[in-house]
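Visitor: Attaching a single structure in structure tokens format; questions to follow.
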Amino acid sequence: MTDHEVIYDPIEQSLGLTAYLSPQVPGFSAISKGRFSDFIVHEVALDGSIAQLESLDPTVAGGAVDNSIQTAAEESRKRKREEADDVQSEPVWSDLENELKALTDDSAAKVAILFLQKNQENTNDTEVGDERYVSLPPANDKDKRRDLHQWIRDRLGFCARADTISGSGNNDKVIRIWHVRFEKEMPNYKAFENGRNAMHRDSNNNQRPPKGMKFVKFVLYKENMETGMAINQLQRQGGKQGRLRIGYAGNKDKRGVTSQFVTAPANTPLSVLCKCNGYNNKSQGGGNTKHSGASVLRVGNFQFVENDFRLGSLRGNRFEVALRNLVAKDGSTEKPPKDLLESAVDAIRNNGFINYFGMQRFGKYYDTHLIGIEIIKGSFEKAIDIIMSPKAGERENIKKAREEWQNRFDNVPSDGREAAEKKVADRLACQFQRGITTELAILQSLARFPLDYKRAFSCIPKTLRLMFIHAFQSFLWNAAVSARLKHDANVQVGDLVLAEGEKADDNTHATVKALSQADIESSHYTILDVVFPLIGYKSVLPKNSSGELLERLMTDQGITRDMLKRIEDRDLTCPGDYRKILCKPSDVTSRILSYNDPLQPLIQTDLMKINNVDIEVSDGEADRGLLGMIISFTLPSSAYATIFLRELMKRPTSSEYQSKLSLGTIAGNDD
């Protein structure tokens, strides 16, 4: 063991992650994702543009303005305001008072009209006093409030504005009438003139898309939220008109702050999309509090575009990651020297990293590949046994339910197994109602068709069933690439590279070629060009010892190529694909910083920038305080940021390992 450790993790090794590309370069210990706001992702579109939230304005950049787009209601309101303006020189205050009395309390109507008359007839502020508005009695009936606001617009538009606030009683709603001279002091200034708040208009600010622009593109910004939940929130804004058609290129991490491009039909009112900006609207964003924050969702940066986004239509992602409490060795307080940190960054910038599938590919309990192996073999009962087996860290009632399932046949004769399984499955289904989709689908099926495990597996959503097959392919790929690179990290005769014009990991079966001796001698190809197959029945294997290695690894798991073609679930196909064995990140930058509070924000997010929330850190090392690093880099869409960090620090990426590290203590405090 060197002074600066290179650590291998048993859990990673069981999933094929057994090597580092540059083990001779010392690593260091640090906490990644100590807070969700330590992990920031900006999507990179196919054209190279980066999704960054810069504005929440409900306007479309570059959209053509069509002044003819006005509804009949808008025209009517405009006409009535003009009629009211015509009589503003000689208003009949007594008539206005009587009309208002028909809509509210007599005394309140009298006070309101006297207030407006006094301000209208006196231009000197010292003569009108300090009052800016008068409040009417609570109007809790929505229709009554609407009638009042409409009357104020129609009859008092020349001198008054109105808004609604919450009253002192439960659910009380109070209308305030302001004189127009004080309208700039209203919390929702200009909302009256527009007929409603600008965020809730019925059209895109009278903007129409240029010819051929069928979609509106915008940035979806989320914190601590699953992509699926964020998209669902957007889709639900359609209300009675139905779910909105939302296009996006890919899923982003829940535990992080992510910005990505999204599209909706060009005729979707921005007021509808911007309703999401009220989701946790008190948050200024970015975990700018010490403790883990609630979910945040925002949209902005609208523009009209020709095409919508589809899954996979992205170039990659730009990451900005905060690493906290950098120390030279696990359990130490010694800070790593600056030259060590610089050499670690230089090594990954120049050499890249092994393009492993990350731990998240194998599920929370790292067993999805084992399920995939049994499915490929056709052993559905064994696959379901793995799915239903007890898991570490689950709630006590779930733990007991899994144990009961395991013991469902105890002391049951062979001819009673069907009835026993039906009874237990029916009883346990209620235990898995919330968030445990796979187990619930299995139990509900077996409660109706006990012992039919193939049918039960087919009831799991297709995307989850495919996940098991992909996990096996990923496990095999990781193990094979680890063995290959330990044996020889140079390009070899028989290695596979993509044919001209092909692209790996684009969800199509790419065409590859095996390198000849002439190819090697031409120096046209390097190890960065070499791909390994994600094994399938159409996969071409390397024409060298790497191909033999893949065959042997499959045999060790009891799998043959023919099995991949005859998977008994007809929804699952496994043709295979190819993946580059190394990944070289682009635009790698780093910054060393000092900070005092272990939980303070270290990165300014998009929303924090919009809200002018600053970060309190110091560049460079300091004698006191904690040492951190901000590392920024861009990866292709198929690569894992966690694997980048694994190579950088020479430390495992599992949550079990990270949970043992310390965030440090506030500067000046004892441990």
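The values are calculated or read from the model by the stated rules, or taken from the named source; none is laboratory data. Just so it is clear, the structure is predicted and the values come from calculations on it, not from any experiment. Methodologically, a virtual Cβ is constructed for each residue, glycine included, from the backbone with ideal geometry; neighbour enumeration extends over all protein chains shown.
Visitor: With outside any loop (DSSP other than H, G, I, E, B), closer than 17 Å to Leu550 by Cα and either touching a Cys at 6+ places or on another chain (Cβ under 6 Å) or not charged (D, E, K, R) (or both) as the only criterion, which of Ala447, Ala479 stands out?
Guide: Exactly one of Ala447, Ala479 is outside any loop (DSSP other than H, G, I, E, B), closer than 17 Å to Leu550 by Cα and either touching a Cys at 6+ places or on another chain (Cβ under 6 Å) or not charged (D, E, K, R) (or both), namely Ala479.
Visitor: Moving on to the next point. Could you say which residue among Leu599, Leu564, Leu572 is crowded, with 21+ Cβ neighbours inside 10 Å and either in contact with a Ser or Thr (Cβ under 7 Å, 6 or more places away or on another chain) or at pLDDT below 95 (or both)?
Guide: Every option except Leu564 fails the conditions.
Visitor: Would you mention how many residues in segment 12-29 are under 16 Å from His487 (Cα atoms) and either in contact with a Pro (Cβ under 9 Å, 6 or more places away or on another chain) or of a type in the set (Asp, Glu) (or both)?
Guide: 1
Visitor: Scan segment 314-344 residue by residue and report those that are closer than 20 Å to Gly625 by Cα, of a type outside the set (D, E, K, R) and either crowded, with 19+ Cβ neighbours inside 10 Å or in contact with a Pro (Cβ under 9 Å, 6 or more places away or on another chain) (or both).
Guide: Val321, Ala322, Leu323, Asn325, Leu326, Val327, Ala328, Pro336, Leu340, Leu341
Visitor: Output the number of residues of segment 354-363 satisfying the condition of being part of a loop (DSSP other than H, G, I, E, B) and at pLDDT 95 or above.
Guide: Total meeting the criteria: 3.
Visitor: Which of the residues belonging to segment 166-222 are at pLDDT 80 or above, surrounded by 16 or more Cβ atoms within 10 Å (Cβ to Cβ) and within 29 Å of the chain's Cα centre (by Cα)?
Guide: Residues satisfying the conditions are Met213, Phe215, Val216, Lys217, Phe218, Val219, Leu220, Tyr221, Lys222.
Visitor: I would also like to ask the following. Regarding segment 322-342, can at least one residue be identified that is at pLDDT 95 or above, in a loop (DSSP other than H, G, I, E, B) and not hydrophobic (A, V, I, L, M, F, W, C)?
Guide: Among the residues of segment 322-342, not one is at pLDDT 95 or above, in a loop (DSSP other than H, G, I, E, B) and not hydrophobic (A, V, I, L, M, F, W, C), which makes the answer no.
Visitor: Could you check how many residues of segment 247-273 are crowded, with 22+ Cβ neighbours inside 10 Å and out of contact with any strand residue (DSSP E or B) (no Cβ under 9 Å at 6 or more places or on another chain)?
Guide: Going through segment 247-273 one residue at a time, the tally reaches 0.
Visitor: State which residue pairs qualify: first residue free of Cβ contacts under 8 Å to residues at least 24 places away in the same chain and inside segment 459-480, second residue part of a helix (DSSP H, G or I) and of a type in the set (Gly, Ala, Ser) in any location, beta carbons under 7 Å apart, and separation of 6 or more residues or different chains.
Guide: If the second residue must be part of a helix (DSSP H, G or I) and of a type in the set (Gly, Ala, Ser), the pairs left are Cys459/Ala441; Cys459/Ser445; Ile460/Ala441.
Visitor: Going residue by residue through segment 137-147, is there one that turns out to be part of a helix (DSSP H, G or I), surrounded by 18 or more Cβ atoms within 10 Å (Cβ to Cβ) and in contact with a strand residue (DSSP E or B) (Cβ under 8 Å, 6 or more places away or on another chain)?
Guide: yes
Visitor: Quick test of your reading of the structure: Ser168 fulfils all but one of (1) touching a helix residue (DSSP H, G or I) at 6+ places or on another chain (Cβ under 6 Å); (2) not hydrophobic (A, V, I, L, M, F, W, C); (3) not in a helix (DSSP H, G or I). Name the failing condition by number.
Guide: The number of the failed condition is (1).
Visitor: Right, next: Exactly one condition in (1) touching a Gly at 6+ places or on another chain (Cβ under 8 Å); (2) polar (S, T, N, Q); (3) in a loop (DSSP other than H, G, I, E, B) is not met by Ser313; state its number.
Guide: Among (1) touching a Gly at 6+ places or on another chain (Cβ under 8 Å); (2) polar (S, T, N, Q); (3) in a loop (DSSP other than H, G, I, E, B), the lone unmet condition for Ser313 is (1).
Visitor: Suppose we filter Leu553, Leu528, Leu564, Leu572 for residues that are farther than 30 Å from Pro336 by Cα, in contact with a Pro (Cβ under 9 Å, 6 or more places away or on another chain) and not assigned by TED's automatic domain parsing to the domain that holds Pro337; which single one remains?
Guide: Of Leu553, Leu528, Leu564, Leu572, the one residue that is farther than 30 Å from Pro336 by Cα, in contact with a Pro (Cβ under 9 Å, 6 or more places away or on another chain) and not assigned by TED's automatic domain parsing to the domain that holds Pro337 is Leu564.
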